[in-house]
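A.B. asks: Before we start, here is the structure in question, set down as structure tokens.
The values are calculated or read from the model by the stated rules, or taken from the named source; none is laboratory data. These numbers were taken from a predicted model, which means no experiment stands behind them. Every residue, glycine among them, receives a Cβ derived from its backbone with ideal geometry; neighbour counts consider all protein chains shown. Quick note on the areas: whole protein, heavy atoms, side chains included, nothing else; ligands and nucleic acids left out. Shrake-Rupley method; radii C 1.70, N 1.55, O 1.52, S 1.80 Å.
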Amino acid sequence: MLNLFYVTAITGLTVPVLIHAWGVPEYGTWLMLTAIPTYLSLSDFGFATAATNEIAMSTARGDLVRATSTLHSVWALNLVACAIIVLASSVAGAIMYAINFHREFAAVVPLLASFSAACLLSRVVLGAFRGGGRYATGTLLYDGLQFCEGLVSLLAAVFGLKFLGVAITLLAARAGSTLISYFVLRKTIPHLSLGVSKASIAQLKELLAPAFASMSIPIALALNMQGVAVVLGAIVSPTATAALSTTRTVSRVAVQIISALNRALIPELSAASARGDHGARAKILRLNRLVLIAVALPAAIAFIAIGGPLVSLWTSGRIVPPFPTVAALGVAMALHCIWFFGTNMLSATNAHGRMAVGLLFASILTVGLAYVGGHAYGINGVAVSIAIGELCNVAIFYVIQRRLKPNLG
């Protein structure tokens with residue numbers, strides 16, 4: 001639960017600090033600039049997530065050779081992917097500068113993309129900790145360093161740095177934290193030390209299907225959250241983007257709580273599945289369902305009732321969301337908890353591929369509805385579109401879990 005404290009603390013500071021330092025319109029522009037890099041850094045192209053589960057299952061079976069091969073294969077792949085990201089974003093930045101297209105952001109874009117690349121590598125290291133049976137060590141280290149990274153970037157903004165300076169700060173901090181994590185990994189789990197000597201194309205092919213599913217889910221989230229924010233900023237204003245994103249952040253406190261528990265239990269569920277321990281699987285699933293009922297529904301009701309005043313208080317009155325927006329996002333949050341919880345449980349055994357296409361379709365639908373709703377009703381129309389998209393996701397999960405009911409416990 002320490003992760004929840006870190007996330008809540010940084011999130012709680014980020015919005016008021018950046019609004020105070022830059023103003024609401026500039027903060028909205030920053031949200032639009034960081035939209036795709038933010039979720040690219042979380043997606044890890046799906047391979048790190050799939051590899052974490054595979055390493056956990058291999059370690060549980062005592063097959064350390066396969067565990068090491070999986071780690072090296074994914075590390076090699078991510079190194080290549082990161083090189084491509086940095087190169088492509090640098091070319092894009094050069095083109096933006098040459099044709100005078102938002103030239104003020106020409107250097108910011110490649111820096112944020114490079115930060116995303118560094119995040120991809122750091123999550124492979126985190127996966128090694130989690131899959132290798134050192135979940136607590138890896139999570140504590142990763143979350144603590146990420147917390148420091150967030151604080152340093154906020155201090156940069158407080159001391160007058162703008163987008164470029166904060167982007168440089170983020171990149172430098174993530175590079176440093178990744179190096180620290182690497183040395184701790186070598187010390188605590190020597191047989192899972194990073195490298196490429198045991199990389200295998202055959203191993204990557206085996207991970208391809210679950211990796212695609214793992215990648216599709218963050219992409220769906222990116223479209224649903226950041227894609228919608230970009231659409232709103234384009235058709236209304238960056239200020240509207242700041243208002244929607246800030247309100248949605250407050251609404252997702254319950255999601256953070258459930259996600260923190262899910263992340264802790266997924267490696268355990270993977271190991272129980274590999275051992276064929278159906279009793280342990282059933283116990284883990286019951287615990288997660290209890291958390292879902294105890295947290296998501298009360299949180300949604302509370303947010304609908306007092307979410308507007310909370311956002312206003314948090315931002316010192318600079319953002320006051322309309323009640324229809326608050327109500328729609330409260331409903332969306334409850335629906336999101338239902339399907340996201342289930343998908344995490346499926347991912348523990350790399351069995352979540354059937355959700356991928358449906359979630360992508362629902363997210364594309366959400367962005368389309370947001371475009372139409374935003375033109376017609378502004379921020380309220382976009383918020384309702386988000387709720388409709390989450391309802392579609394719940395329906396998709398219901399169909400999938402009915403088909404896989406024996407595997408879900």
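A.B. asks: For a quick check of your reading: which helices (runs of 4 or more DSSP H) sit entirely within the stretch 12-71 and have at least 3 residues that are in contact with a strand residue (DSSP E or B) (Cβ under 6 Å, 6 or more places away or on another chain) and at pLDDT below 80?
C.D. replies: Of the helices (runs of 4 or more DSSP H) lying wholly inside the stretch 12-71, none has at least 3 residues that are in contact with a strand residue (DSSP E or B) (Cβ under 6 Å, 6 or more places away or on another chain) and at pLDDT below 80.
A.B. asks: Now for a different question. Out of the stretch 145-163, which residues are touching a Phe, Trp or Tyr at 6+ places or on another chain (Cβ under 9 Å) and under 18 Å from residue 23 (Cβ atoms)?
C.D. replies: 157, 162, 163
A.B. asks: Select from the stretch 81-95 the residues that are open to solvent by 30 Å² or more (accessible area, probe 1.4 Å) and hydrophobic (A, V, I, L, M, F, W, C) and list them in ascending order.
C.D. replies: Scanning the stretch 81-95 gives 83, 84, 86, 87, 88, 91, 92, 94, 95.
A.B. asks: Next question. Among residues belonging to the stretch 57-76 that are open to solvent by less than 60 Å² (accessible area, probe 1.4 Å) and among the aliphatic types (A, V, I, L, M), point out the one that is farthest from residue 130 (Cα to Cα).
C.D. replies: Looking at residues that are open to solvent by less than 60 Å² (accessible area, probe 1.4 Å) and among the aliphatic types (A, V, I, L, M), I get 76.
A.B. asks: For the stretch 121-225, list the helices (runs of 4 or more DSSP H) that sit wholly inside it and hold at least 1 residues that are within 30 Å of residue 340 (Cβ to Cβ) and of a type in the set (Lys, Arg); which are they?
C.D. replies: So the answer is 163-188, 201-222.
A.B. asks: Another question, if that's okay. So, of the residues in the stretch 315-331 that are in contact with a helix residue (DSSP H, G or I) (Cβ under 8 Å, 6 or more places away or on another chain), outside any helix (DSSP H, G or I) and open to solvent by 10 Å² or more (accessible area, probe 1.4 Å), which turns out to be farthest from residue 384 (Cα to Cα)?
C.D. replies: Of everything passing the filter in the stretch 315-331, 316 is farthest from residue 384 (Cα to Cα).
A.B. asks: When only residues in the stretch 129-153 that are at pLDDT 90 or above and small (Gly, Ala, Ser) count, which is surrounded by the fewest Cβ atoms within 10 Å (Cβ to Cβ)?
C.D. replies: Among them, the one singled out is 144.
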